[in-house]
Number of protein chains: 4
Amino acid sequence: MSAPASAPAGAPVDAPVDAPVRAPADAPGSVRAVLWRRALGELLGTGMLVAVVVGSGIAAANLSPDDVGLQLLENSIATALGLAVLIAVLGPLSGAHFNPVVTLADWVLGRRDPAGPRLGDLGAYLAAQVSGGIGGALLANAMFGEPTTLATTQRVSGATLLAEVVATAGLVLVILGLLRAGCDTLVAPAVGAYIGAAYWFTSSTSFANPAVTVGRMFSDTFAGIAPGSVLPFVLAQLVGGAVGVGLAALLYPARSEAAARS
Amino acid sequence: MSAPASAPAGAPVDAPVDAPVRAPADAPGSVRAVLWRRALGELLGTGMLVAVVVGSGIAAANLSPDDVGLQLLENSIATALGLAVLIAVLGPLSGAHFNPVVTLADWVLGRRDPAGPRLGDLGAYLAAQVSGGIGGALLANAMFGEPTTLATTQRVSGATLLAEVVATAGLVLVILGLLRAGCDTLVAPAVGAYIGAAYWFTSSTSFANPAVTVGRMFSDTFAGIAPGSVLPFVLAQLVGGAVGVGLAALLYPARSEAAARS
Amino acid sequence: MSAPASAPAGAPVDAPVDAPVRAPADAPGSVRAVLWRRALGELLGTGMLVAVVVGSGIAAANLSPDDVGLQLLENSIATALGLAVLIAVLGPLSGAHFNPVVTLADWVLGRRDPAGPRLGDLGAYLAAQVSGGIGGALLANAMFGEPTTLATTQRVSGATLLAEVVATAGLVLVILGLLRAGCDTLVAPAVGAYIGAAYWFTSSTSFANPAVTVGRMFSDTFAGIAPGSVLPFVLAQLVGGAVGVGLAALLYPARSEAAARS
Amino acid sequence: MSAPASAPAGAPVDAPVDAPVRAPADAPGSVRAVLWRRALGELLGTGMLVAVVVGSGIAAANLSPDDVGLQLLENSIATALGLAVLIAVLGPLSGAHFNPVVTLADWVLGRRDPAGPRLGDLGAYLAAQVSGGIGGALLANAMFGEPTTLATTQRVSGATLLAEVVATAGLVLVILGLLRAGCDTLVAPAVGAYIGAAYWFTSSTSFANPAVTVGRMFSDTFAGIAPGSVLPFVLAQLVGGAVGVGLAALLYPARSEAAARS
């Protein structure tokens, strides 16, 4: 498809000039989109992510009834592919967090930076992510003719909570590590691949995302999670996020700190 | 293989100089290929796409008779890989639409642009895509020794029509979003990955393409669709295409509009 | 791993200066490696390719005895990944043909070019590819403790021969199309992905390579081919190669021809 | 996520200036991180790699009890994805060896280079890799509620030892070949893909890594290896590493040698 001649190379320009959410290396003049557009991107992205997770789970359970592993393989491949695409498409707009833990990490790390995210950004992002997550589950239910009811799958155990801590810490470390090394364009495929692997190397199948966890409460299907399991999962994810931020700070000291020491 | 010394870096140069279909960032002097070459690219690409979809469906159903999910996994992986390759190879020639919805979106968005697609381009592309789609189904039948008969698989329901709207809207948003962010080289792998995921997160297995839908009518095998289901599917795809164009306009305002406001 | 300070950025420099097999865009001074090194690269690459195809076929048949489709899925994923890696690693050395059809196409297209391949190159490449292909089958047999005997799987039919023509034509078109568009770095992943799809959309599982076909004669396992089927398969592959070269010439006219017309 | 303004484009700068482990092409002023940070990167990376291998093996065996091939497919896909991500994230920090054979090859090739690795680096890397490998197995056990006991799966045979030699030689050749051709950014996806294929084309499922082999001794699950098989596997891997270094030297002569001849 022809790129319209009027399409900007970077982000839209109807916003005050401040630091871009994810500045392309070759677009120093790009600016951050207005907040409502970025929040809409987060809503749409989180919604489609949950629609992919829940929808592919329903299809897998329907079509491969005899082997739960095969169901999870189908579910995890669809999620890895879909998530990578969503980040690639919406990253230039909103940063493609789709995840309150990532938004919180971004806010914590950037709060002393005058061009960093503000409290209003934080609130808008979290609200958009949770609304999107719920909407995505409802959309998946509708696309498969499934009723929307609360999920009944209890998922909490010591092992699964540890798994959520590890999965979320790893996710945050992947994102921060790639950004700090200047590998912005690798974030989309790397996060997709990481989640594809994390479905398998954790006993919880790696929710690793509070907004997605809340959304998955609204479909009593393969990917659902009972309401009673949501809060423990979210708490474990927040702990994991803190561990990830700490590891990133340890491994990749900021230039200012290093300069102060030299 | 050695690149012949005479091979152009971009598109062939035997055409009037106007805006390239997909201008490589480093080839400002490249020009659009003559229409018949681009239409041949669309015919070949759509044909091979349908051959991949139908052929891998036949192989999957023959070789994995006991699990429909496994059949769909095989079918979707082959399609995702094949589609990404076809777009990468034919994108520099014709834009690699392979899909009337994409061609229509291109025409709608570019019709006020003097260098945009003309009505003749539109007609040639649509004709090439539909012919290619049918030819691809016949080729797949021949490669597997299957007779060419009309498919008998009814696919219409409220859920599958909603799924086609969502799948096509997402496809258009992926393409337009990446092009507007200047990520042209990501279109091929992203569209392949998106369709690989959409096989699973939609109840319709994501046809999302009127030319492919018409083609798949001509093979009464795993990927076939009964003639009575074709028109509703195509209408849902057109609605989805319009939704995708609208979302892209909302999320990525054109520079000219933004400039007019500033 | 640290790149040794003495490692050249491109190809080795102990060879007469002529056009490189696949010149990196940013290495204008790179030169073609001496013939024996390039031939060794072809031998090693074709050998490892056949070892991957045959070895993963043995593993798949042993470990997934109940579903031939699952065996082919395992076999095709391993081959797609392995082939892409081999092309990426050995492409800068020998061009990573691993396939007499590709070498022949390269020779035909470049024979009028003073810097193109010479008849001696052609002979050395073909000999290396066939020897490597046989060696790879023997290595796979040894790695799995299988005896080396001639395969007994007859594969010839009208449908499979047509499939070999289509598969090989597509392979040649993928390679030539990407090279002519200047997308050299996409050849490795695209060829891997193409073959991964072609396992499924053809009834022959897409041999598409005379050297690999000869090699696979020497393992009476999942990927084997009976000696009586080899010559028809190779002839179909040569026809497919010619079709692919013709399609590429039609779609991507050389700059010199276009210039002559202008 | 916004890249913090203070994040360095390359490696941290609190270390003596010498040759970077893997210098980004666009960061000539980047320097190597202090040794403890690089060793921590190796520990974390090797640990997560073993957690992925062992954890996904446990999940696969639990969820797909009826088909060992399907278990290996799940295990190999998770490992390929996870390994590629770990190399991409930690490569800029430590070089992302995660493997004593790779560290030894790096030391052997760079020992005459004043900026190459020193004996202290070697010791720290090997200790970090082995500790990380063991820790990763324990973490996987904990995430799945499995007890930590020594594995009981005997894996030694002539065929599997040959397979380990081939798998490790191939791994070293992939890494050295890509680095010598200047394709540093391809190492992460290529090594992931290579190991994904090597699970299948070798009868040993391609351990190819002494630290991972030692770690996998500590989980009596799908990916475990009995202590009595560890030493033969490690010796075969060292032989394979030497073969890989020799092949790389043969195929890619260093510039200095070539210059001496000219």
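Apolar share of the accessible surface for the stretch B:120-262: 71 percent from carbon plus sulfur atoms, 1.4 Å probe.
Coupling constants for the stretch A:195-202 follow from the phi torsions by the Karplus curve (6.51 cos²θ - 1.76 cosθ + 1.60, θ = phi - 60°), and in residue order they are 5, x, 6, 5, 3, 9, 8, 10 Hz; glycine and proline get x. With the Kirkwood sum run over all distinct C-alpha pairs, the stretch B:35-255 has a hydrodynamic radius of 17.2 Å.
Evaluate E = 1/(1 + (r/R0)^6) for D:R111 and D:L250, where r is the Cβ-Cβ distance and R0 equals 25 Å; express this FRET efficiency to the nearest 0.05. Don't skip to the answer; put the middle values down first.
Values: r = 20 Å, r/R0 = 0.78.
Computed FRET efficiency for D:R111 and D:L250: 0.80.
Would you work out which of D:A96, D:W36, D:F201 lies farthest towards the positive end of the dipole of the stretch D:35-248? Charges go on Cβ: Lys and Arg +1, Asp and Glu -1. Looking along the dipole axis, the top candidate is D:W36. Distances between equivalent label points of B:R118 across the copies, with each point positioned 7 Å along Cα→Cβ, amount to 5.1, 5.1, 7.2 nm, shortest listed first. Here the stretch B:35-255 is treated with +1 on each Lys and Arg Cβ and -1 on each Asp and Glu Cβ, and its dipole about the Cα centre works out to around 720 debye. Take the accessible area of D alone and of C alone, subtract that of the pair with a 1.4 Å probe, and the total buried over both chains is about 4000 Å². Taking the empirical scaling 2.2 N^0.38 Å for compact globular proteins as reference, the stretch B:132-262 has a Cα radius of gyration ratio of 1.22. Measuring from the axis that maps chain A onto chain D, the chain A residue with the nearest beta carbon and its rounded distance in angstrom come out as A:L70, 5. Shown in residue order for the stretch D:235-249 are the 3J(HN,Hα) couplings computed by the Karplus curve 6.51 cos²θ - 1.76 cosθ + 1.60 at θ = phi - 60°: 4, 4, 5, 5, 4, x, x, 5, 4, x, 5, x, 5, 5, 5 Hz (x for Gly and Pro).
Between A:G116, A:A242, A:A105, the Cα set farthest toward the positive side of the dipole of the stretch A:35-251 (charges on each charged residue's Cβ, about the Cα centre) is that of A:G116.
Think of the stretch D:35-183 as a dipole: +1 on every Lys or Arg Cβ, -1 on every Asp or Glu Cβ, centred on the Cα centre; then among D:S131, D:V156, D:A51, D:S131 lies furthest on the positive end. Using a 7 Å projection from Cα along Cα-to-Cβ, the label point at A:L250 is separated from the same position in the remaining copies by 4.4, 4.4, 6.2 nm, smallest value first. Expressed as a fraction of 2.2 N^0.38 Å, the C-alpha radius of gyration for the stretch C:156-233 is 1.17.
Starting from the label point of B:L235 at 7 Å along Cα→Cβ, the same points in the other copies fall at 5.3, 5.3, 7.5 nm, in ascending order.
3J(HN,Hα) along the stretch D:148-156, derived from phi through the Karplus expression 6.51 cos²θ - 1.76 cosθ + 1.60 where θ = phi - 60°, amounts to 8, 9, 5, 5, 10, 8, 6, 10, 7 Hz, with x in place of Gly and Pro. Positive contributions from Lys and Arg (+1) and negative ones from Asp and Glu (-1), summed over other residues with Cβ under 12 Å from the Cβ of A:T153, come out at +1. Here each label is just a point 7 Å from Cα along the line to Cβ, and for B:A226 and A:T153 those points are 3.3 nm apart.
The values are calculated or read from the model by the stated rules, or taken from the named source; none is laboratory data. The structure displayed is predicted, hence computed values, not measured ones. Glycine gets a Cβ as well: all are built from the backbone with ideal geometry, and neighbour counts include every protein chain shown. Areas reflect the complete protein model, heavy atoms only, side chains present, ligands, DNA and RNA absent. Shrake-Rupley method; radii C 1.70, N 1.55, O 1.52, S 1.80 Å.
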